[in-house]
Number of protein chains: 2
Amino acid sequence: MQQAGPSPPSCSSTSECFPLSHHNTAECGSETSSGPEKHEPTFPSRMRSIVSFYICYLLCLGLGLACMVCVCLWNSQWRGGFAWDGSALQFNWHPVLMVTGLVVLYGNGAVLYRVPLTWGQNKLPWKLLHATVMFLALILSIVGLCAVFGFHNDKKIPNLYSLHSWIGITAVALFAMQWVVGLAGFLLPCSPISIRALLKPVHVWMGGSILWLSIAACISGINEKLFFVLTGTQAYVDLPSEALLGNSLGVLIVAFGLVVFMILSNHKWQRPDSSPEVLAYTPLLEEEN
Amino acid sequence: MQQAGPSPPSCSSTSECFPLSHHNTAECGSETSSGPEKHEPTFPSRMRSIVSFYICYLLCLGLGLACMVCVCLWNSQWRGGFAWDGSALQFNWHPVLMVTGLVVLYGNGAVLYRVPLTWGQNKLPWKLLHATVMFLALILSIVGLCAVFGFHNDKKIPNLYSLHSWIGITAVALFAMQWVVGLAGFLLPCSPISIRALLKPVHVWMGGSILWLSIAACISGINEKLFFVLTGTQAYVDLPSEALLGNSLGVLIVAFGLVVFMILSNHKWQRPDSSPEVLAYTPLLEEEN
């Protein structure tokens, strides 16, 4: 089913491949409406757009991997490793699972539809992959919450008192709601088209909002953790190596978020309208025709 | 010059007023391309869109005001008030000025072009107002940074060691760059249209990113401050009234950010393409015709 490599998608015309590219200036303002975007994109311009997408996508994958390596390294080498026994070693699963699930997997799931090699194909398998990646991200986030709740309960520390925890639990709750509503609205064949049309802008807005809420929760959590553990001769204020590693993790998470939002905000990289022959491959969703 | 109340903007056609409304489904996916958005919006649908915008805009103004009241109340009533003498009272200006400048004023400046009553008018005065509001927001943010640097220097505390400070200084530095590049690219008559067309998507993406970075900096800062000051019998973990106020401030900031992003992400509320007769009122920018 998949096309090989970063070749142009199999759209039947350039306007199918770049249906929104000539609206870019209108999206952003008014004065450049007579600019170059009014013209149909040429082949070199299409190739430039596809190549620049894959550069950003590789950056997104690389930064996501760097976030995961950094958070694992921090908790395995500086914080003593992992266990599931109510000790501080159980807590260490919390940052690893939240960064991996709520930021890296979530961000990669969000940009999935933007990959040009998916555009010429039936959308249904990509919808299922989007839902599966997001489900995995949600499960990791929930296990990450269980890790910190178990640690708190074992140490008789109240749960959910800090602003970090309020923001984090809000992000996970909205994520769970978004997943359930997304499944019911976009994957179940019984949901009417009018409901899907109403839901989509909300799904897109809430999807982006959950990501920046997750990043805010991660930044406040890393900051709080470094103030908690770096005291005495290894004070946070003196920026020992663990502080530099934790701060770098925060910077990597922010850089990852910036790249994800850059991909999501570029209208040239949005999946084009499906042509009738493409929609014909989606038997489950045939009422959408 | 201004139209009274929430009346429809003086566009010469519905497609001018809602130039992107029929692309909404394409923006979000593909299946609903044959849905109701393909039709020109009717008058009741235009009125509904305008009324729902003003409800969101009022919510945005109300939440912004609530954030400012909450941060002022916290620092005046719970933290002892304000001074500029290197003491903790000087520090108190920091949260007040950052929340007011980098979040509330910034967010209101970002949604300015979305107000429908500005659409039928020459864009130049609104550009100048956008630049002025953002300049004021930048000045408040820089004074807010001076407040904390002065306090740190007086107490011999190093500056810029925590992740909170790294994220906050990045947000302000990007904001300053964005303002200078925006002035040079969009307000100076010598900047060529091709540069404006290239700059606009970057300006929009970076504008949104600076807001969520600012919110992440505020959340981590409030969280850190509450852990610093709430100890002993008034520990953060016991959620005394100051903790509830600080956490509520964080929730209000997040709610404000969600409403701003909802306004920015709704394509029906974007300023339409200017018609030639509207652009004719922009003598400084006449090369844009």
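Quick notes on this one:
- Filter result for residue B:260 (at the interface with chain A (Cβ under 9 Å from one of its Cβ atoms) and in contact with a helix residue (DSSP H, G or I) (Cβ under 8 Å, 6 or more places away or on another chain)): no
- Every condition in (1) more than 10 Å from chain A (Cβ to nearest Cβ); (2) at pLDDT 95 or above is met by residue B:202 except one, and the failing one is (1).
- Any hit, region A:243-257, residues being without any contact (Cβ under 8 Å) to a residue 40 or more places away in the chain and more than 9 Å from every other protein chain (Cβ to nearest Cβ): yes
- When the helices (runs of 4 or more DSSP H) confined to region B:152-265 are screened for residues that are more than 22 Å from residue B:115 (Cα to Cα), open to solvent by less than 20 Å² (accessible area, probe 1.4 Å) and of a type in the set (S, T, N, Q), those reaching at least 1 such residues are found at B:193-229, B:241-265.
- Checking residue A:146 against (1) more than 26 Å from residue A:271 (Cβ to Cβ); (2) open to solvent by less than 40 Å² (accessible area, probe 1.4 Å), the condition it does not meet: (2)
- Note on region B:101-139: among residues that are of a type in the set (Val, Ile, Thr) and open to solvent by less than 20 Å² (accessible area, probe 1.4 Å), the one that is nearest to residue B:183 (Cα to Cα) is B:111.
- Criterion violated by residue B:271 - all others in (1) closer than 22 Å to residue A:103 by Cα; (2) modelled with pLDDT under 95 satisfied: (1)
- Exclusive hit being more than 19 Å from residue B:54 (Cα to Cα), at pLDDT below 95 and either of a type outside the set (Ser, Thr, Tyr) or in contact with a Cys (Cβ under 6 Å, 6 or more places away or on another chain) (or both), set B:124, B:117: B:124
The values are calculated or read from the model by the stated rules, or taken from the named source; none is laboratory data. Just so it is clear, the structure is predicted and the values come from calculations on it, not from any experiment. We place every Cβ from the backbone using ideal geometry, glycine too, and count neighbours over all the protein chains shown. When the accessible area is computed, the model is the full protein with side chains, heavy atoms only, and any ligands, DNA or RNA have been set aside. Shrake-Rupley method; radii C 1.70, N 1.55, O 1.52, S 1.80 Å.
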